[in-house]
Amino acid sequence: MEDTNIQKAGLPAQAGKTLRGTVVGVDMKDTAKVAVARYVKHPKYKKFIKQVKKFLVHDPENIASVGDKVVIRESRPISKRKNFVLESNESATK
């Protein structure tokens, strides 16, 4: 199941970065909005700050639902803002 979405999108299996995130929206056809959080150390105050970035992810089978933990992989541009493909749904496997 891991590479099925990537193959359906016509993409190579080992292309680009892999990120983990949480699905925050599934309002569009074949697309999910995934929030990826990372912690960055403030240069002056040395405190760790949580930064969240939202990515539009290609989900051709519409298997993602809000709140799922997913793994996404960078790919070729699919549309203007969509550069990632849903690789696997970690919430569905558990």
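The values are calculated or read from the model by the stated rules, or taken from the named source; none is laboratory data. Given the structure is predicted, the values throughout are model-derived calculations rather than measurements. Cβ coordinates were reconstructed from backbone atoms using ideal geometry, including for glycine residues, and neighbour counts include every protein chain displayed.
In region 1-21, the qualifying residues are those that are of a type in the set (D, E, K, R) and assigned to a loop (DSSP other than H, G, I, E, B), and the one that is modelled with the lowest pLDDT is Glu2. Residues of region 40-67 that are of a type in the set (Val, Ile, Thr) and exposed (fewer than 13 other Cβ atoms within 10 Å of the Cβ): Val40, Ile49, Val52, Val66. Tallying residues that are touching a strand residue (DSSP E or B) at 6+ places or on another chain (Cβ under 9 Å) and in a loop (DSSP other than H, G, I, E, B) within region 34-79 yields 17.
If you go through region 22-33 and keep only what is more than 12 Å from the chain's Cα centre (by Cα), assigned to a strand (DSSP E or B) and within 20 Å of Pro77 (Cβ to Cβ), you end up with just Met28.
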